[in-house]
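Just below is one structure, and these are the notes that go with it.
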Amino acid sequence: MFSEIRFTLNGEQKIYTGDPLRRLIDVLRDDYGLTGSKEGCGEGECGACSIIKDGKLVTSCIIPVAGVNGCELLTIEGIRDTEKGKCIIDAYAEGGAVQCGFCIPGMVMATYVLLNNNPDPSEEEIRVGISGNICRCTGYDLIVECIALAAKKGAALWQK
Amino acid sequence: MAEVKCFVPQTLQEALEIRKQYHAIPLAGGSDLMVAGSMGAGVTPKFAGDVVVITNLPELKGIRELDDGSVEIGACTTSAEIAASELVHPLVRDAASRMGAIALRNSATIGGNIGNASPKGDMPQPLILLDAEVVLRSADGERRMLVDEYIIATKKTALRDDELIVSVVIPKQSFTHIFYRKIGMRRANAISKLTLSAAATVKDGVVVDFRASSGAAGPKVARCRKAEEILIGKKISELNTCKEEFLDAWNGVISPHAMPEYRRNTTRRLLTHFIDALAAGHPEGRVE
Ligand SMILES: Cc1cc2nc3c(=O)[nH]c(=O)nc-3n(C[C@H](O)[C@H](O)[C@H](O)COP(=O)(O)OP(=O)(O)OC[C@H]3O[C@@H](n4cnc5c(N)ncnc54)[C@H](O)[C@@H]3O)c2cc1C
Ligand code: FES
Ligand code: FES
């Protein structure tokens, strides 16, 4: 009994018919060529593989593809060219939040969810919002500042 | 080894038929099973048998208040949903909100946390303090039991191979004072070194109810009714004198495995803190 797994991926309807127990990150990267989501730890600890499932941040390395049956998924590729996505990415670039860049797609996804739910977060709220995302380069301070910058510059976007 | 079959049912009824016929392992959020079976990047994780994926079954989601005031939480309700719900007892919300980090709390389910039966699992601890029950269903019927009875020992539960946990029911109850602590290595994504919940009701200067339970301190969550009884019925002015007797009775429940002295001392300090607050006439509410 091999069911079809149906989901929306960055706005496109997908029907997946392979092994339902494969990790979502592998399906995203290997089957759909969406290599923006990175694998750091493979154990749900680092957040590099973060994507958005039905509006909520999840780590795609600990979810089987069967677990997203009927869901709407957004990856970094699905938000990077949107107004909100550009707002975050421009703020990260402007404030110098990025060093090696490996953690950044996950950070951007966490930022996107944070600002959608809380358009004007305090520093502490920003730190909590990215607390599941590990960065081994930056020491976080510039990332936190850039998220505040994205909130400020994109105020009109996040308020709606 | 024969290839693992994976079932993705659309309804609870289908899932229960699959449990009955194949005894397939239930996978809810997958945050324990996928990590335990991990084979590295690009490879399907390993499972001990066939798998039935119940993540998105609508019948297993959501939180509702029942007629008798108890609160029923569907097995596949996530920690984030529990942490955000006004219906749920604050001690259970505390535990849910301190699990993992944001993304983990959007995957981890209450059924999976109980089903995993790890002594380091955060949800059973307050649930056992509150005398919560699991509702177990099979294609042939339903039964209920206390979470404390369902979890037998580390990784060992009373689940039959044709059953699923369908929900958790927390009876209605209120306390004048509550206390919760989770101690981990860092604030986010930290597995508990120790957790403690305590709750009490003080009426006209008398302790009419007192409960405590600790997690991550032995093969399963510890609650010691014998120790609790030492404090129940006492005036708050007597708490100072019977505190030692209580703490000594509690000592017995911390298992002598890794770092028992750390867990004993820390539990003692936390319980002392709570009892001292009661003795000092702490205003009703949460003891920080
Ligand atoms: C990064 C990370 C951080 C974590 N942090 C914490 C933490 O702080 N606190 C904590 O307690 N845990 C933590 N965990 C462990 C895990 O997330 C929790 O135990 C979670 O609640 C498991 O739920 P799940 O739905 O993902 O379980 P799954 O992996 O789907 O299942 C776990 C077990 O329960 C069984 N099961 C699931 N649903 C049912 C059901 N309805 N009926 C019967 N059996 C069922 C499964 O067969 C399996 O044996 C963490 C895990 C990770 C990866
Ligand atoms: S790769 Fe998924 S959380 Fe680290
Ligand atoms: S920029 Fe290198 S890991 Fe964050």
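The values are calculated or read from the model by the stated rules, or taken from the named source; none is laboratory data. Just so we're clear, the structure is a prediction, and the values are computed from it rather than from any experiment. Don't worry about glycine lacking a Cβ; one is built from the backbone with ideal geometry, like all the others, and counts go over all protein chains shown. Keep in mind that these areas ignore ligands, DNA and RNA; they rest on the heavy atoms of the full protein, side chains included. Shrake-Rupley method; radii C 1.70, N 1.55, O 1.52, S 1.80 Å.
If each DSSP helix of 4+ residues adds -39,500 (n - 2.57) and the sum is divided by the residues in chain B, what number results at 222 nm, nearest 500 deg cm²/dmol?
-8500 deg cm²/dmol
Computed over Cα pairs, the Kirkwood radius of region B:6-170 leads via Stokes-Einstein (1.306 mPa s, 10 °C) to a diffusion coefficient of 100 µm² per second. Computed with a 1.4 angstrom probe on protein heavy atoms, the B-A interface buries about 2600 square angstrom of accessible area in total.
For the protein assembly as shown, the carbon plus sulfur part of the accessible surface works out to 50%, probe radius 1.4 Å.
Listed by chain and number, the aspartates and glutamates whose alpha-carbon sits under 19 Å from that of B:Lys20, ignoring those within fewer than 8 places in the same chain, are B:Asp50, B:Glu59, B:Asp140, B:Glu142, B:Asp161, B:Asp162, B:Glu163. The mean accessible area for residues of region A:5-78, using a 1.4 Å probe and ignoring ligands and nucleic acids, is 33 Å² per residue. With axes computed from alpha carbons, what is the tilt in degrees of helix B:12-22 against the longest principal axis of chain B, rounded to the nearest 10 within 0 to 90? Between helix and principal axis, roughly 70 degrees. The Rg/Rh ratio of the protein assembly as shown, with Rg taken over Cα atoms and Rh as the Kirkwood radius over Cα pairs, comes to 1.00. The phi-based Karplus calculation (6.51 cos²θ - 1.76 cosθ + 1.60; θ = phi - 60°) puts the 3J(HN,Hα) values of region B:225-232 at 5, 4, 5, 4, 5, 4, 8, 5 Hz, whole numbers, x for Gly and Pro.
Measuring nothing but how far apart in sequence close Cα pairs (under 8 Å, 6+ apart) lie, relative to its length, chain B scores a relative contact order of 15 percent. For the peptide A:22-29, the mean number of other protein chain Cβ atoms found within 10 angstrom of a residue's Cβ is 3.
Report note on the peptides A:97-105, A:6-14: ranked by the mean count of other C-beta atoms within 10 Å, highest first, their order is A:97-105, A:6-14.
In Å², and per residue, what accessible area does chain B have when probed at 1.4 Å with the other protein chains present?
For chain B, the per-residue accessible area is 43 Å².
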